Ligand code: R5P
């Protein structure tokens, strides 16, 4: 097995290679004067099993094109088996035609990865994981929730609760809580009058307790900000946020801080300061 290090996943790829005790494939990558990429593999891949590790986080389109060019080169240079490891898969949330005429970008991206030469795709916590099957090639959707739970379990939280922001996140909260040795719940919306909706934890009283809001992705922060406000009104002691993909677009960090979120715990599917948990062991296991 050899690992190709994508520009967006340098630390993760190095950790995976270390975990697998395998070699790294070097690349020369630069831009032509007009902005196009130039990519050249400087290690041999002929006859090898190769994993290309590259998240397609911001700048999504550049990272995606870099991934596609690399996959195609690896395939063309004679690799025996090519695995695309895309820990954060851009465009995955546009997984259906919500309004007539929309591009189903998720399908397009999967087609491109396959056509570029990947024999299989490994990714992490795709929003609607069940929609990833039946795309014409094997796709493995790993989950980082237990790893997040392990990390949170060591944070000395008081009487902790893992809380999904909505019913769709309940399973994630459950997986995190199981590793934390904590309870879990989710925020439920209840219509009180025709014009009034009350949102609160479905079953638990969070008064005086530390609560971790669990989600697959924090993008603008809007979902967590709303949840944090509700939990603080309900008397939570401290509010934290944990997610697999810390997209943290625009001023998400500022908004989360202003809403009283004490700490954000994300993984290195997107490499940033908040990536306190590495998905390397998960990826290494999937490749091993
Ligand atoms: C939605 O269902 C997802 O699980 C996330 O809650 C959502 O994508 C987060 O986006 P934002 O941070 O922009 O609210």
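The values are calculated or read from the model by the stated rules, or taken from the named source; none is laboratory data. Since the structure is predicted, the reported quantities are computational estimates derived from the model, not experimental observations. All Cβ positions, glycine included, derive from the backbone under ideal geometry; neighbour counts span all protein chains shown.
Quick check, is residue 161 away from the ligand (no atom under 14 Å from the Cβ) and in contact with a helix residue (DSSP H, G or I) (Cβ under 7 Å, 6 or more places away or on another chain)? So that I can check it myself, show each step before the final result.
Details: away from the ligand (no atom under 14 Å from the Cβ): yes; in contact with a helix residue (DSSP H, G or I) (Cβ under 7 Å, 6 or more places away or on another chain): no.
Criteria not met by residue 161.
May I ask you to list pairs of residues, at least six apart or on different chains, whose Cβ atoms are under 6 Å apart, with the first in region 81-93 being touching a residue at least 40 places away in the same chain (Cβ under 8 Å) and within 18 Å of residue 117 (Cα to Cα) and the second being within 16 Å of the ligand (Cβ to nearest atom) and part of a loop (DSSP other than H, G, I, E, B)?
Hits for this filter: 87/269.
Which numbered condition in (1) surrounded by 24 or more Cβ atoms within 10 Å (Cβ to Cβ); (2) part of a loop (DSSP other than H, G, I, E, B) is the only one that residue 97 fails?
Tallying (1) surrounded by 24 or more Cβ atoms within 10 Å (Cβ to Cβ); (2) part of a loop (DSSP other than H, G, I, E, B), residue 97 fails exactly one: (1).
Filter region 244-269 down to the residues that are within 22 Å of residue 142 (Cα to Cα) and within 13 Å of the ligand (Cβ to nearest atom), then identify the one that is farthest from the chain's Cα centre (by Cα). Steps first, please.
Quick first cut of region 244-269, residues within 22 Å of residue 142 (Cα to Cα) only: 244-248, 264-269.
Still in the list and also within 13 Å of the ligand (Cβ to nearest atom): 244-248, 264, 266.
Numbers: 244: 4, 245: 4, 246: 7, 247: 8, 248: 12, 264: 14, 266: 9 Å.
Checking each candidate, the answer is 264.
Of all residues in region 67-91, how many are crowded, with 17+ Cβ neighbours inside 10 Å and within 22 Å of residue 284 (Cβ to Cβ)?
So the count comes out to 13.
Looking at region 219-243, which of the residues that are under 21 Å from residue 146 (Cα atoms) and more than 10 Å from the ligand (Cβ to nearest atom) is surrounded by the most Cβ atoms within 10 Å (Cβ to Cβ)?
The qualifying residue surrounded by the most Cβ atoms within 10 Å (Cβ to Cβ) is 242.
Out of curiosity, is residue 252 at pLDDT 95 or above and closer than 21 Å to residue 148 by Cα? I'd like the intermediate steps shown before the answer.
Values: at pLDDT 95 or above: yes; closer than 21 Å to residue 148 by Cα: yes.
So residue 252 passes the test.
Kindly indicate whether any position in region 107-123 is under 17 Å from residue 54 (Cβ atoms), touching a helix residue (DSSP H, G or I) at 6+ places or on another chain (Cβ under 8 Å) and within 16 Å of the ligand (Cβ to nearest atom).
So far as region 107-123 goes, yes, one or more of its residues are under 17 Å from residue 54 (Cβ atoms), touching a helix residue (DSSP H, G or I) at 6+ places or on another chain (Cβ under 8 Å) and within 16 Å of the ligand (Cβ to nearest atom).
Using the structure shown, decide if residue 126 is touching a residue at least 12 places away in the same chain (Cβ under 8 Å), surrounded by fewer than 24 Cβ atoms within 10 Å (Cβ to Cβ) and over 26 Å from residue 205 (Cα atoms). Working first, answer last.
Working: touching a residue at least 12 places away in the same chain (Cβ under 8 Å): yes; surrounded by fewer than 24 Cβ atoms within 10 Å (Cβ to Cβ): no; over 26 Å from residue 205 (Cα atoms): yes.
Here the answer is no, as residue 126 does not meet what is asked.
Just the residues that are in contact (Cβ under 8 Å) with a residue 40 or more places away in the chain and part of a loop (DSSP other than H, G, I, E, B), please, taken from region 62-78.
Selection gives nothing.
Among the listed residues 176, 197, 214, 139, identify the single one that is within 12 Å of the ligand (Cβ to nearest atom) and either under 28 Å from residue 88 (Cα atoms) or in contact with a strand residue (DSSP E or B) (Cβ under 6 Å, 6 or more places away or on another chain) (or both). Can you show your working first?
Numbers: 176 fails: within 12 Å of the ligand (Cβ to nearest atom); 197 fails: within 12 Å of the ligand (Cβ to nearest atom); 139 fails: within 12 Å of the ligand (Cβ to nearest atom).
Within the list 176, 197, 214, 139, the selection yields 214.
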